[in-house]
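Any read-out appearing in this document is the output of simple, stated calculations on the displayed coordinates, not a laboratory observation. From a predicted model like this one, the values you see are computed outputs, not experimental measurements.
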């Protein structure tokens with residue numbers, strides 16, 4: 001069974017790679033899911049010398065083979081001036097298995113440099129943090145990223161995060177507004193009406209122009225109304241729209257088809273010995289991944305496994321969300337659950353151990369913890385006890 005930690009290169013670099021990886025192994029882990037491409041953040045690291053860390057946005061953590069890429073060239077992270085953990089993995093640890101945790105279309109620097117390749121809402125506004133998965137150049141970039149990683153001998157599995165469309169709320173720098181955006185408004189604002197998405201959706205038989213006009217009218221009504229329902233009501237409004245506007249449901253299915261075809265094209269260029277896993281979403285609940293075009297049932301057929309973020313409040317909610325993921329992907333799909341063994345998800349060691357015991361009934365292929373550098377020392381020891389339950 002996989003017992004893993006999600007890890008960032010900057011934590012290995014500061015702590016010292018041999019010492020950090022020996023510690024991870026000593027906690028009972030057999031796998032490291034190491035970020036190979038990642039976005040910006042403001043991260044609190046309780047055990048580190050530099051407590052607050054700002055990673056360079058939208059960069060890769062391995063030396064890229066630039067001949068594989070097209071107009072979107074990967075941006076190199078400065079940590080590579082000292083360490084390339086992917087290409088030199090066996091130099092630092094020969095026993096821990098390596099998964100490449102790979103953020104795909106979520107890339108603000110590339111979006112700023114290539115606004116023509118970004119997702120656009122119904123008003124035509126670009127979301128610069130989200131490269132459009134329907135665009136041919138973006139698809140080429142994602143394939144090249146995975147092909148590049150798969151050529152590295154130590155990489156056994158590539159775990160894809162954000163291979164598709166992102167939700168409207170993103171956590172972008174100073175993300176702000178005075179209009180309370182309910183479930184319905186967020187779902188409509190998340191729809192992509194870039195030229196590439198519209199073209200491909202139209203090829204699937206969807207009237208993309210008509211739907212875009214309808215979404216613009218719906219959102220303009222909302223912005224002018226001053227009517228701000230709670231999500232419990234707005235969700236039913238959105239369900240009614242799905243029933244009454246057949247193009248809306250068809251468009252969501254078209255976005256899922258676009259993402260599915262991109263993922264299939266990635267799988268086709270990878271060698272058979274390199275597994276391909278999916279993180280369906282980091283949002284709550286996991287079933288809401290349809291917003292991103294990463295449908296659990298359909299996409300599970302294209303992957304070797306699913307790494308599901310069980311980011312809920314408390315052991316019982318974690319189990320319920322994970323139970324739903326298992327029933328949607330089916331009993332045969334290797335399913336790894338990712339837990340955050342700290343507040344606000346899990347307030348105590350007792351809660352964590354209870355969550356792991358419940359998850360065992362879902363026959364997981366593994367349990368992983370997010371994130372090695374974020375966790376205080378006592379929480380690392382919680383994780384060690386949780387791993388012991390899997391033996």
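Quick look at the numbers
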item	result
Percent antiparallel among DSSP beta bridges (both partners in the chain, rounded to 5)	20
Principal axis dimensions, the range 338-391 - Cα atoms, whole angstrom, descending	28, 17, 16
Percent RCO, i.e. relative contact order, over the chain, from Cα pairs under 8 Å lying at least 6 residues apart	18
Whole-Å semi-axes of the ellipsoid equivalent to the range 158-286 (Cα gyration tensor, √5λ, descending)	30, 19, 13
Separation between Cα centres of the range 222-275 and the range 130-183, rounded to whole Å	15
Rg over Rh, two decimals, the range 235-301 (C-alpha only, Kirkwood Rh)	1.07
Pair-distance profile P(r), taking every C-alpha pair of the range 241-375, with 5 angstrom steps and integer %	2, 10, 19, 20, 18, 13, 10, 6, 2, 0
Ratio Rg/Rh, restricted to the range 308-362 and using Cα atoms, in which Rh is the Kirkwood radius	0.96
Kirkwood estimate for the range 209-266, i.e. one over the average of 1/r between Cα atoms, Å	13.2
Coordinate range along principal axes, alpha carbons of the range 55-123, Å, largest first	52, 24, 21
Quotient of Cα Rg and 2.2 N^0.38 Å for the range 147-213, N being how many residues it contains	1.61
Between 0 and 90°, nearest 10: helix 17-26 axis offset from the chain longest Cα axis	90
Shape category assigned to the range 115-154 from the gyration tensor of Cα positions, a/c cut at 1.5	prolate
Mean Cα-pair separation over length for the range 219-336, i.e. relative contact order, pairs under 8 Å, 6 or more apart, %	22
Intensity falloff of the range 1-109 expressed as log10 I(q)/I(0), Debye formula with alpha-carbon point scatterers, at q = 0.16, 0.22 Å⁻¹	-0.75, -1.33
Mean shadow area of the chain, taken as a quarter of the surface of its Cα convex hull (nm²)	18.6
Stokes-Einstein diffusion coefficient of the range 279-326, Kirkwood radius over Cα pairs, 20 °C, 1.002 mPa s, in µm²/s	197
